[in-house]
Every structure is written in structure tokens, then in C-alpha cells.
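Heads up: the structure comes next, in C-alpha cells.
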Amino acid sequence: MWVDNDLTAFADGTSADVGGPLDGYSESDRSQHVNFVDDNGHVHELYRSPDPAAQWVDNDLTALAGGTPAFGAGLAQYSQGDGSQHVDFNALTGVGSSTVHVHELYRSPDPAAQWVDNDLTALAGGTPALGNQLSGYSQSDGSQHVNFIDENGHVHELYGSP
């Protein structure tokens, strides 16, 4: 049996940009994470903990990390076996800039950890992204892979070694 759950209403949350990206993942602890971008470019997480009595909550990850607003339609996320969370998105490098960098909102597995915004393109000395496509995953060895397309149509991987 299928049921239609209005997660935004359940979380008393912010509405998504109707043309923006949407993605989600779950973790081994059975928590649920649905990420989207709002009209102001903030990346949000609709989150439900594994507690059966838990309610959905809306976390503004951009605000929590003091991060950069998202740009374009790219949004990807994954968690790792250690419980760390990674939400990848595209962002302009500065006011008036047209250069797009891949960013990551990251939260370590430490229960007291806060969200942080990492500019993966700058950290890797990488090629700017086009701003529309993005995918990411991790492997069992702890490596991280974030893929994007550049302005020439080349597929790039930002790779993080364990």
C-alpha cells in the first residue's frame, strides 16, 4: 500500500524551489534525509531520526554551516559507514562571479559535530563546474567521489582518499 506523506507539512518546513533539485538517502541507523534547495539558495534537509516516535524536522544546512548559497540544479548526497554525512551542491565563487565551484556541506560522525561548508573545487585545485549536474558516492574503503560536468561537457571526479 502506498501513502502520500507531505514531509514539508509534517516538518512545518520551508517550501522548496519548484524548479530546484531534490534528493535523499537513508543511513544504516534507519534515519531518513531528504535534501532540497529553497528559493533563496539554501540547502535544506528534511530529517527523521530512527526513533519510531520521531517527527520530521526541517534543517537549513546552509544556515547551520554559515555556508554559501546553492546555484543551479546540482545536488547529491551520501553518508559513509562511519556515520558522516555529505551533501554536495554547486555554488558561485563570489558576488558577480559566473564561476561555479562544487561545495560540500559536511557533518562528521561526532554527535556534537556541526555542519561545515567545504569548497571541494578549491580544495582540489579543480576545474569549475557547469552548475547543473552532480553526483556523489563513497566506497567501503572510505574514498569519496563527487562527479560533475564542466563547460566543455567533460565529466570530472573530485576524489577524496581515505
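Taking region 144-162 as the range and being touching a Gly at 6+ places or on another chain (Cβ under 6 Å) and not in a strand (DSSP E or B) as the test, only P162 passes. Just checking, does region 150-160 include any residue being more than 21 Å from S28 (Cβ to Cβ), modelled with pLDDT of 95 or more, acidic (D, E) and open to solvent by 60 Å² or more (accessible area, probe 1.4 Å)? Yes - at least one qualifying residue is present in region 150-160.
Any idea which residue in region 51-80 is most open to solvent (accessible area, probe 1.4 Å), counting only those that are in contact (Cβ under 8 Å) with a residue 12 or more places away in the chain, out of contact with any helix residue (DSSP H, G or I) (no Cβ under 6 Å at 6 or more places or on another chain) and closer than 19 Å to A9 by Cα?
As a first pass, look at region 51-80 and keep what is in contact (Cβ under 8 Å) with a residue 12 or more places away in the chain: 55-80.
This time we only want the ones that are out of contact with any helix residue (DSSP H, G or I) (no Cβ under 6 Å at 6 or more places or on another chain), so: 55, 57-80.
Retained after the next criterion (residues that are closer than 19 Å to A9 by Cα): 55, 57-61.
Working: Q55: 130, V57: 61, D58: 40, N59: 42, D60: 39, L61: 0 Å².
It comes out as Q55.
Among the conditions (1) more than 30 Å from G153 (Cβ to Cβ); (2) more than 12 Å from the chain's Cα centre (by Cα); (3) crowded, with 19+ Cβ neighbours inside 10 Å, L46 misses just one, which is (2). Looking across region 1-18, the residues that are touching a residue at least 40 places away in the same chain (Cβ under 8 Å) and part of a loop (DSSP other than H, G, I, E, B) come down to A11, D12, G13, T14. Within region 48-66, the presence of at least one residue that is touching a Phe, Trp or Tyr at 6+ places or on another chain (Cβ under 7 Å), in a strand (DSSP E or B) and within 23 Å of L134 (Cα to Cα) is confirmed. Being under 14 Å from the mean Cα position of the chain (by Cα) and either exposed (fewer than 14 other Cβ atoms within 10 Å of the Cβ) or assigned to a strand (DSSP E or B) (or both) is a property that F36 has.
Of the listed requirements (1) β-branched (V, I, T); (2) surrounded by fewer than 17 Cβ atoms within 10 Å (Cβ to Cβ); (3) over 19 Å from Q133 (Cα atoms), V18 misses just one: (3).
Of all the criteria given as (1) buried (at least 19 other Cβ atoms within 10 Å of the Cβ); (2) assigned to a strand (DSSP E or B); (3) not hydroxyl-bearing (S, T, Y), the one not satisfied by G24 is (1). Among the residues making up region 117-126, a single one is open to solvent by 60 Å² or more (accessible area, probe 1.4 Å) and either over 15 Å from T99 (Cβ atoms) or among the hydroxyl-bearing types (S, T, Y) (or both): L123.
The values are calculated or read from the model by the stated rules, or taken from the named source; none is laboratory data. Model, not experiment: these values are computed from the prediction. Backbone-built Cβ (ideal geometry, glycine too); neighbour counts: all protein chains shown. Side chains included, ligands, DNA and RNA excluded: accessible areas come from the protein's heavy atoms. Shrake-Rupley method; radii C 1.70, N 1.55, O 1.52, S 1.80 Å.
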